[in-house]
Amino acid sequence: MPRTLVKDALAATAPNEAIFLQGWVRTRRDAKAFSFIELNDGSCLKGLQIIIDATLPDYANVSRANTGASVEVHGKLVESKGQGQKWEVVAEKFTVLGEADATYPLQKKGHTLEFLREIAHLRPRSNLFGAVFRVRSRLAYAVHQFFQEKDFYYVHTPIITASDAEGAGDMFRVTTLDVGNPPKTEEGAVDSTKDFFGKKTFLTVSGQLEGEIFATALSNIYTFGPTFRAENSHTSRHAAEFWMIEPEVAFCDLQGDMALAEEFVKHLIRDAKEHCAADLEFFSKFVDKDLLARLDFVLEKPFVRCSYTEAVEILNQSGKTWEHSVAWGDNLQSEHERYLTEEHFKCPVTVYNYPRAIKAFYMRVNDGCAPDRQTVAAMDLLVPGIGEIIGGSQREERLDLLKAGMALHHLDEKNYWWYLDLRRYGTVPHAGFGLGFERMLMFVTGVANIRDVIPFARTPGTAEF
RNA sequence: UGCCCGAUAGCUCAGUGGCAGAGCAGGUGACUGUUAAUCACUUGGUCGUAGGUUCGACCCCUACUCGGGCAGCCA
């Protein structure tokens, strides 16, 4: 007999004389003449109630069906006589496949998120993490759906790379050299020409530069894959390994880029609300009471657009005392970003046109708007509770100005010869952005720590699973 | 990397310079429809590690380890 998933059994429209289910015991409640078991198979948040009568030959198995045990049930799907559920299963055959004894760490009690991180191999069996990872799966699908339906092509940019998208930032080194005894040059330095690729290589920090190659061929592309930062960050919103979505659009300027970012974020929220309603309700009840209201609010309101120069004025006229003062030319600090999105505008804010000196070399220099040639066409999308969720820009398509940007950032043109070629041959205005997938999940679920929206978090000092 | 907080039963947490506590989980029993069932009884401890102060340290001090928060860096 084919297995029925719990989510399908719960959605039944009529009783079923013969049904077969498999899953894990969440809780068992014994009475004198029968036992109730709540069966969960991960297909949805809710479990299905199983009733096993004490007169059943298999009733002897029930005492071994503790929380966490894997079981299978043949029986009838009937309307429940009790409150709290529409359907339940009256067991006819009940088997315990794998017991879970008293050492099973996941109790039917509240656990701290910190404890659950230590049992990352078991936490997907909890309500919270089951919901988080169902939403994660659905949103990954929605990412592809959004771009595919807009005629964007999905490009697989390399994980191992010899280029550094920012010219800064710590990267993980990829090598097959014997770290204890590497080959040396005559000067005594490690000889990377003897390494696997004949040069220094790293785990990618961004697929953007390679994405630009494909945007200047296929017009609209996106990447969606893992990225790596070897930064020693100890915060609730940084991980050493995370997933990023990076669209790149040819014949597009910063305005178009900001519009795409807003449409994309709203699409993901709308999709989660439509397809993960039960899970979002759970988050709203147990994680963040304001979640659903906030998501609705974000869907309804246009995102505020605010130039960097305006933002600095707002911050200086706020009357607030800042830990870090703000002068034109300074980077906006977390406290400033949070004030803009959480207190001043109280909605997502796109800050654009940042000072040239504090942004990456590939961002397009603004001319024709004050202060002339001092800003670049960059934008950051800030959301309440998280801060920066998207960073993007129009790219510098003019060869001479791109070279000047590289000189400003002390980058060697030789390492970027292929990137410069894109400007030598058929260059076009183009723009793109990067969305941190985990940060988006934090925003959609209300879960406050990035370690809890990725299956196996990689943070400094932690790579157990 | 800097600053701050924490570590007590399997889990969540109280606790006081002088006999180590509760709830849940586990065990035993009760209960004819439960909903993290309920009720009674019950097992369970190197108080993170190493030093120090003290007649006496889970408690005070120092270092270390681990976890967490904030900041920086960013997505």
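The values are calculated or read from the model by the stated rules, or taken from the named source; none is laboratory data. Keep in mind that this is a model prediction, so the values were computed, not measured. Cβ sites come from the backbone with ideal geometry, for glycine too, and all protein chains shown count toward neighbours. When the accessible area is computed, the model is the full protein with side chains, heavy atoms only, and any ligands, DNA or RNA have been set aside. Shrake-Rupley method; radii C 1.70, N 1.55, O 1.52, S 1.80 Å.
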Among A:His111, A:Pro124, A:Val143 the positive-end extreme of the charge dipole of segment A:21-177 (Cβ point charges): A:His111
Size of the dipole of segment A:6-98 about the Cα centre, Lys and Arg at +1 and Asp and Glu at -1 on the beta carbon, nothing else charged, in debye to 20? 280
Helix-only mean residue ellipticity at 222 nm, chain A, DSSP H runs n ≥ 4 weighted -39,500 (n - 2.57), per residue, nearest 500. What is it? -8500 deg cm²/dmol
Ordered by residue, what ³J(HN,Hα) values in Hz, to whole numbers, does segment A:102-107 give under the Karplus form 6.51 cos²θ - 1.76 cosθ + 1.60, where θ = phi - 60° and Gly and Pro are x? 5, 7, 4, x, 8, 8
My understanding is that a pair violates if its Cα-Cα distance is over 32 Å; which of A:Lys109/A:Lys301; A:Lys109/A:Lys320; A:Lys46/A:Lys93 do that in this structure? A:Lys109/A:Lys301; A:Lys109/A:Lys320
Can you give the percent of C-alpha pairs in segment A:257-399 whose distance is more than 17 Å? 64
As straight-line cross-link partners of A:Lys86, the qualifying aspartates and glutamates (C-alpha separation under 17 Å, not fewer than 8 residues apart within one chain) are A:Asp8, A:Glu17, A:Glu38
Over chain A, what portion of Cα pair distances is larger than 31 Å, expressed as a whole percent? 53
In debye, nearest 20, what is the charge dipole magnitude of segment A:334-442 about its Cα centre with +1 on Lys and Arg Cβ and -1 on Asp and Glu Cβ, if you could check? 300
Rolling a 1.4 angstrom probe over the protein heavy atoms, how many square angstrom per residue are accessible across segment A:101-165? 54
What does the convex hull of the Cα atoms of segment A:6-98 come to per residue, in Å³, rounded to a whole number? 88
The convex hull of the Cα atoms of segment A:367-465, divided by residue count, gives a volume in Å³ per residue of 182
Lys/Arg Cβ at +1, Asp/Glu Cβ at -1, dipole of segment A:415-465 taken about the Cα centre: which of A:Gly461, A:Tyr425, A:Met440 is farthest positive-ward? A:Tyr425
Amide H contacts under 5 Å for A:Ala69, restricted to residues at least 5 apart in sequence or on another chain and with H modeled in the peptide plane, are A:Val25, A:Ala100
Hey, can you find the accessible area per residue of segment A:6-98 for me, probe 1.4 Å, expressed in square angstrom? 48
Those aspartates and glutamates that a straight Cα-Cα span of less than 13 Å connects to A:Lys200, excepting residues fewer than 8 apart in one chain: A:Asp164, A:Asp191
Can you find, among A:His156, A:Leu5, A:Phe228, the residue farthest towards the positive end of the dipole of chain A? Put +1 on the C-beta of Lys and Arg, -1 on that of Asp and Glu. A:Leu5
Accessible area (Å², per residue) of segment A:350-439, counting only protein heavy atoms and a probe of 1.4 Å: 37
Taking chain A as the reference, fit the longest principal axis to its C-alpha atoms, fit the long axis of helix A:254-275 to the helix C-alpha atoms, and give the angle between the two in degrees, 0 to 90, nearest 10. 0
If you put +1 on each Lys and Arg Cβ and -1 on each Asp and Glu Cβ, how big is the dipole of chain A around its Cα centre, in Debye rounded to 20? 1220
State the percentage of accessible surface on segment A:6-98 attributable to carbon and sulfur atoms; use a 1.4 Å probe and exclude ligands, DNA and RNA. 55
Sorting A:Tyr59, A:Tyr362, A:Tyr141, A:Tyr154 on solvent-accessible surface, 1.4 Å probe, most exposed first, gives A:Tyr141, A:Tyr154, A:Tyr59, A:Tyr362
At the level of C-alpha centres, the distance separating segment A:69-87 and segment A:310-347, in angstrom, is 55
For chain A, longest principal axis from Cα atoms; helix A:291-300 axis from its Cα atoms; angle between them, nearest 10 degrees, is 50
Calculate one ³J(HN,Hα) per residue across segment A:205-214 by plugging θ = phi - 60° into the Karplus curve 6.51 cos²θ - 1.76 cosθ + 1.60, and present them in order as whole Hz with x for glycine and proline. 9, 5, x, 4, 5, 5, x, 4, 4, 7
